[in-house]
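Undergrad: One structure follows; several queries about it will come next.
The values are calculated or read from the model by the stated rules, or taken from the named source; none is laboratory data. In this text, all values refer to a predicted model and were calculated from it rather than measured experimentally. In this analysis, Cβ positions are derived from the backbone assuming ideal geometry, glycine residues included, and neighbour counts consider all displayed protein chains. Each accessible area value is taken on the protein alone, full model and side chains, heavy atoms only, with ligands, DNA and RNA left out. Shrake-Rupley method; radii C 1.70, N 1.55, O 1.52, S 1.80 Å.
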Amino acid sequence: MTRLHQACTVAIVIAGAALPLTGQEHFRSGAIGVRVDVLVTRGQELVRGLNASDFELRDEAVLQKVSEVEVEQIPLNLILAFDTSGSVAGERLRSLIQAGQSLLDRLRPDDRVALLSFSTRVRLLAPLTASRQQIHEAFATLAAQGATSLRDAAFAALALRETDPGRTLVLIFTDGTDTASWLRAPDVIDAAKRTDSVVYAVGLADLRPVLSISGGKVVQRSVMTVQEPGKFIEHLTAETGGRVLFANSNRDIRAAFTETLAEFRNRYVLSYTPTGVSTTGWHRLDVKLKTKAGKVTARRGYFAD
Amino acid sequence: MFRAVVIGLALCHVTTASSQDANPYIEVIDLYRQGLEEAALKRLAGLRSDEIAGWRDALFAAMASKSRAESERAAATMRGAVMLHTARAFWAFERNNNGEFRFHLTFAQAYVDKLAALDRRAPFVRTWRLLVLALLQEGRSLVAADQFARRAHDPGGDSPELLLALGATEEMAWWIRREEDGDPGVRGDLKDAERHYRQALIVDPTFTEARVRLGRVLTLREDAEGMKILGQIDQSADAPYQYLARLFEGDVLEKHGDNAQAERQYSAAITLLPTAQAAHVALAHLRHARGARSEAAQDIRSSAGARDVPDTSDPWFWYGRGTAWRGPGYLEQLLIMIRL
């Protein structure tokens, strides 16, 4: 056992100063009501110019009276969770950092950012901060090696949501499946139901050869791009009303990040005070357009604690 | 891991190489036995496989010699060859070169089979098998681990370490299939895992790791005996085993809705190993689920924000890799056995 003990206790060092406590988040309360982040698309296009009267929202099948909150007025909390497992080392990591830096340039002054990295361990490299310099410095510390604690990192990102009026976007970049987390997928999905954060994920498309037989030989005709999110990340993003985007190459990570932010900024935020429903437990949400055409994407429900 | 450990061990007792049947292959083996791994692997790559096969057959013949001295010398060279080919196999394994991996592992296996024919339970034979299983589990290559373990099985009685490795392969496969959306290529049967761990404990009742794993698989099967067994992992056990036992107990209690007791067990795990992250994450999740969001956020900030903590400082990480953590120890033993 000595060796395991040594392996596990090489450096028993805990960060000295605990970070300041923040208050509880308010996904909903009777006073401020429920806020629902909604994306409307038609084909590949975002549908803009809608207002609250265009939406029909049901909470536990009970029709609610909704109002719209101006997205422009709400500051953004962007929580970045970057996969820094061994497979990200090299060019991919450089592209990831550049994509992250590019994202910072597109934020508004009152937006805040946090940076988590995850490999064998989840590391909080910068807590939510308005300081771009702090995030740039945190990017500079990213190094890729080890396994993948995707689920633990997703939970950590959700748990970092603070109590403030801001909208929280959790942006996860990963190029692999989980190989090291303690939490199981349902644990994290359950946590997602208890927050109002919207989770987007950017994955890398898988390139697979297309083979055929020619002249009695197997030859490669072309390369097929396969965009398959893992079940967990697909479930998590759908549950929170987000989605998975794919980069076909390392160079495309920046474009996927930019698209995520642009899309998030063009969502609608609906607000209502629940009426005619229980004040506790799981509430299923159903949001649709009354008359106009478009696909509505929103979180599937929420827990009223 | 293989190469890193070899370099770390840096064999220093370099003596004159054996003069037995000097040929390029024997020279390469002797280089390896002297601790010059990089040079040996480089030169091995320059030898043709048909030549190696010829020299291997010559070694087999020498081992069958009526001259005891010649036979023993050949056996010693073969043990060196086993480690040389194993090193090359896992060098290829790390680079996803499955063909070369299998080629060299098959070579090593052929030598081990010959050595095992003399003494199936020789320390070198047993330890080499455990090393390969540990390395395959570290790489989460469970199909290979399963096939290899079947060959390693001794109808006359397996060692507790091999039984542990057999059980861990089943347990890992179950976890990957069930919790990681993965297809490990092996069914992963917790009942089989339980059987192997129980057998290991029959052979060695003091085998704490087998006891922890038995407790864990029983709890995963929702067998009440699991908590009883985990409860036996007390202060007499090393801290990492106590940590795992408290973590697993907390998991069961949380599932049963006993949040207060679950929190106590997670906190106990944190006290045992404050930098290990799984217990912090478990505690944060528990608190988040019961609405204590700021406490949960603080748990995450203090654990994920900790600096200078090695990635692999959590026993949970090693638990998920079967017997991988034992690999460096096995390798060290084997290198001592082949040292020139």
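Undergrad: Could you calculate the contour length gain from A:Met224 to A:Thr141, that is, 0.36 nm times the residue separation minus the distance between their Cα atoms, to one decimal place in nm?
TA: Gain on extension, A:Met224 to A:Thr141, equals 26.4 nm.
Undergrad: So, one more: Gain in length, A:Lys290 to A:Glu91, computed as 0.36 nm per residue apart minus the alpha-carbon separation, to one decimal in nm?
TA: Numbers: separation 199, 0.36 × 199 = 71.64 nm, distance 4.72 nm.
Roughly 66.9 nm would be gained on extension.
Undergrad: Just counting partner chain Cβ atoms within 10 Å, what average do the residues of peptide A:114-123 show around their Cβ?
TA: Details: counts 1, 0, 3, 1, 1, 1, 7, 14, 7, 8.
Mean shielding count: 4.
Undergrad: Still on this structure: With point charges of +1 on the Cβ of Lys and Arg and -1 on the Cβ of Asp and Glu, referenced to the Cα centre of chain A, which listed residue (A:Val223, A:His283, A:Ala238) lies farthest in the positive direction of the dipole?
TA: Farthest along the dipole direction, towards plus: A:Val223.
Undergrad: Ignoring everything except DSSP H segments at least 4 long, calculate the 222 nm mean residue ellipticity for chain A; use -39,500 (n - 2.57) per segment, divide by total residues, nearest 500. Don't skip to the answer; put the middle values down first.
TA: Values: 7 runs with 73 residues, N = 305.
Helices in chain A give a 222 nm mean residue ellipticity of -7000 deg cm²/dmol.
Undergrad: Anything over 22 Å Cα to Cα? Flag those among A:Lys231/B:Lys191; A:Lys65/A:Lys295; A:Lys65/A:Lys290; A:Lys193/A:Lys290; B:Lys114/B:Lys191, in the order listed.
TA: Working: A:Lys231/B:Lys191 27 Å; A:Lys65/A:Lys295 20 Å; A:Lys65/A:Lys290 13 Å; A:Lys193/A:Lys290 26 Å; B:Lys114/B:Lys191 34 Å.
With Cα atoms farther than 22 Å apart: A:Lys231/B:Lys191; A:Lys193/A:Lys290; B:Lys114/B:Lys191.
Undergrad: Select from segment A:166-209 all residues whose loss of accessible area on going from the chain by itself to the full protein assembly reaches 50 Å² or more (probe 1.4 Å).
TA: At a threshold of 50 Å² (probe 1.4 Å), the residues of segment A:166-209 that become less exposed are A:Thr179, A:Trp182, A:Arg184, A:Arg194.
Undergrad: Next question. If packing is taken as the average number of other Cβ atoms within 10 Å across a peptide's residues, how do B:126-133, A:124-131 rank, most packed first?
TA: Values: B:126-133: 24.1, A:124-131: 18.2.
Result, highest mean Cβ count within 10 Å first: B:126-133, A:124-131.
Undergrad: Using amide H atoms built 1.01 Å from N in the peptide plane, name the residues 5+ places from A:Asp164, or on other chains, whose amide H lies under 5 Å from its own.
TA: A:His26
Undergrad: Per 0.36 nm of contour for each residue apart, how much would the distance between A:Thr129 and A:Gln44 grow if the chain were fully extended, relative to their Cα-Cα spacing? Walk me through the intermediate numbers first.
TA: Numbers: separation 85, 0.36 × 85 = 30.60 nm, distance 3.31 nm.
In short, 27.3 nm is gained.
Undergrad: How well do other chains shield peptide B:126-137, expressed as the mean number of their Cβ atoms within 10 Å of each residue Cβ?
TA: Details: counts 0, 0, 0, 0, 0, 0, 0, 0, 0, 0, 0, 0.
Per residue, the average neighbour count from other chains is 0.
Undergrad: Follow-up question, since we're still on this one. Is the shape of chain B rounded, prolate or oblate, going by the alpha carbon gyration tensor and its root eigenvalues a ≥ b ≥ c, with a/c under 1.5 for rounded and a/b larger than b/c for prolate? Intermediate results must be reported in sequence, preceding the final value.
TA: Values: a/c = 2.59, a/b = 2.07, b/c = 1.25.
Prolate, because a/c is 1.5 or more and a/b exceeds b/c.
Undergrad: Right, something else. Ordered by residue, what ³J(HN,Hα) values in Hz, to whole numbers, does segment B:225-233 give under the Karplus form 6.51 cos²θ - 1.76 cosθ + 1.60, where θ = phi - 60° and Gly and Pro are x?
TA: Calculated HN-Hα couplings, in order: 4, x, 5, 5, 5, 4, x, 6, 7 Hz.
Undergrad: For the pair A and B, how large is the buried accessible area, both sides, in square angstrom to the nearest 100, if the probe is 1.4 Å? List each step's numbers first, then the result.
TA: Working: alone 15800 and 16060 Å², together 26820 Å².
Result for this pair: about 5000 Å² buried.
Undergrad: Whole number in Å², please: accessible area per residue of segment B:73-126, 1.4 Å probe, ligands, DNA and RNA not counted.
TA: Details: 2160 Å² over 54 residues.
Ligands and nucleic acids excluded, the result is 40 Å² per residue.
Undergrad: Let me ask you something else. As a test, work out the antiparallel percent of DSSP beta bridges whose residues both lie in the protein assembly as shown, rounded to the nearest 5.
TA: On the way: 42 of 66 bridges.
Among the beta bridges of the protein assembly as shown, antiparallel pairing accounts for roughly 65 percent.
Undergrad: Using a 10 Å cut-off on Cβ atoms, rank the peptides A:35-42, A:177-184 from the highest mean neighbour count down. Show your work: numbers first, answer last.
TA: Values: A:35-42: 20.2, A:177-184: 22.9.
Order by mean packing, descending: A:177-184, A:35-42.
Undergrad: While we're looking at this one, here's another question. May I ask you to list the trypsin sites (Lys or Arg not before Pro) in segment B:38-77 that are in a DSSP loop and have at most 13 other Cβ atoms within 10 Å of their Cβ? Intermediate values should be presented prior to the final figure.
TA: Working: sites: B:Lys42, B:Arg43, B:Arg48, B:Arg56, B:Lys66, B:Arg68, B:Arg73; in loops: B:Arg48, B:Lys66.
Passing sites in segment B:38-77 are B:Arg48, B:Lys66.
Undergrad: On to the next question. Which residue, A:Gln44, A:Gln145, A:Gln98, tops the fluctuation ranking in a GNM of chain A built on C-alpha contacts under 10 Å?
TA: A:Gln44
Undergrad: Positive end of the charge dipole of the protein assembly as shown (Lys, Arg +1 and Asp, Glu -1 on Cβ, about the Cα centre): tell me which of A:Gly176, A:Phe303, A:Gln73 has its Cα farthest that way.
TA: The Cα lying farthest towards the positive end belongs to A:Gly176.
Undergrad: Compute accessible area for segment B:260-287 by itself and then with all protein chains, 1.4 Å probe, and report residues whose area falls by 50 Å² or more.
TA: When all protein chains are present, B:Thr275, B:Gln277, B:Val281, B:His285 each give up 50 Å² or more of accessible surface.
Undergrad: I need the phi-derived Karplus couplings for segment B:27-37: 6.51 cos²θ - 1.76 cosθ + 1.60, θ = phi - 60°, integer Hz, Gly and Pro marked x.
TA: For segment B:27-37, the Karplus curve yields 4, 5, 4, 5, 4, 5, 5, 7, x, 8, 5 Hz.
Undergrad: In the protein assembly as shown, carbon and sulfur make up what percent of the accessible area (probe 1.4 Å)? Provide the component values of the computation, followed by the final result.
TA: Working: 13460 of 26820 Å².
Roughly 50 percent of what the probe reaches on the protein assembly as shown is carbon or sulfur.
Undergrad: Peptide B:311-323: average number of partner chain Cβ atoms within 10 Å per residue? Spell out each step's value before the answer.
TA: On the way: counts 9, 8, 9, 7, 5, 4, 10, 4, 1, 5, 3, 0, 0.
Average per residue, whole number: 5.
Undergrad: Still on this structure, please answer the following. Rounded, prolate or oblate for segment A:176-264? Axes are the square roots of the Cα gyration tensor eigenvalues, ordered a ≥ b ≥ c, and the cut-off for rounded is a/c under 1.5.
TA: Details: a/c = 3.44, a/b = 1.92, b/c = 1.79.
Since a/c reaches 1.5 and a/b is larger than b/c, the shape of segment A:176-264 is classed as prolate.
Undergrad: For segment B:176-191, just list the computed ³J(HN,Hα) in residue order, Karplus coefficients 6.51, -1.76 and 1.60, θ = phi - 60°, integers in Hz, with x standing in for Gly and Pro.
TA: 5, 5, 7, 10, 10, 6, x, 10, x, x, 10, 4, x, 10, 5, 5
Undergrad: Could you work out how far helix B:239-255 tilts from the main Cα principal axis of chain B, as a 0 to 90 degree angle to the nearest 10?
TA: The angle comes out at about 50 degrees.
Undergrad: Out of all DSSP beta bridges with both ends in segment A:49-116, state the antiparallel percent to the nearest 5. Could the numbers behind the result be given before it?
TA: Details: 3 of 8 bridges.
Here the antiparallel bridges make up roughly 40 percent for segment A:49-116.
Undergrad: Once every DSSP H run of n ≥ 4 in chain B is given -39500 (n - 2.57) and the sum is divided by its residues, what mean residue ellipticity at 222 nm do you get, rounded to the nearest 500 deg cm²/dmol? All intermediate terms of the calculation are to be shown ahead of the outcome.
TA: On the way: 18 runs with 244 residues, N = 340.
Value at 222 nm, helices only, nearest 500: -23000 deg cm²/dmol.
Undergrad: Enter the accessible area per residue of segment B:239-320 (Å², integer; probe 1.4 Å; all protein chains in place). Don't skip to the end; give the middle numbers.
TA: Working: 2330 Å² over 82 residues.
About 28 Å² of surface per residue is accessible.
Undergrad: Could you identify which residue out of A:Thr174, A:Thr291, A:Thr273 has the top mean-square fluctuation in a GNM of chain A using Cα springs shorter than 10 Å?
TA: Residue with maximal mean-square fluctuation among A:Thr174, A:Thr291, A:Thr273: A:Thr291.
Undergrad: Let me ask something additional. Assign one of three labels to segment B:239-320, namely rounded, prolate or oblate, based on the Cα gyration tensor with a ≥ b ≥ c the square roots of its eigenvalues; rounded applies when a/c is under 1.5, prolate when it is not and a/b is larger than b/c, and oblate otherwise. Before the final figure, lay out the partial values.
TA: Working: a/c = 2.21, a/b = 1.17, b/c = 1.88.
Here segment B:239-320 falls in the oblate category.
Undergrad: Okay, moving on. Can you give me the long-range amide H partners of A:Leu125? Hydrogens built in the peptide plane at 1.01 Å from N, cutoff under 5 Å, separation of 5 or more residues or another chain.
TA: It is A:Leu115, A:Leu116, A:Ser117, by chain and number.
Undergrad: Between B:Lys255 and B:Glu94, take the C-beta separation as r, use R0 = 41 Å, and let me know the FRET efficiency to the nearest 0.05.
TA: Details: r = 38 Å, r/R0 = 0.92.
Computed FRET efficiency for B:Lys255 and B:Glu94 comes out at 0.65.
Undergrad: Now for a separate question. Can you tell me which of B:Ala324, B:Ala116, B:Ala289 moves the most in a GNM of chain B? Springs connect C-alpha atoms under 10 Å apart.
TA: Top of the fluctuation ranking is B:Ala289.
Undergrad: For segment B:112-127 and segment A:98-164, what is the centre-to-centre distance using only Cα atoms, to the nearest Å?
TA: 52 Å
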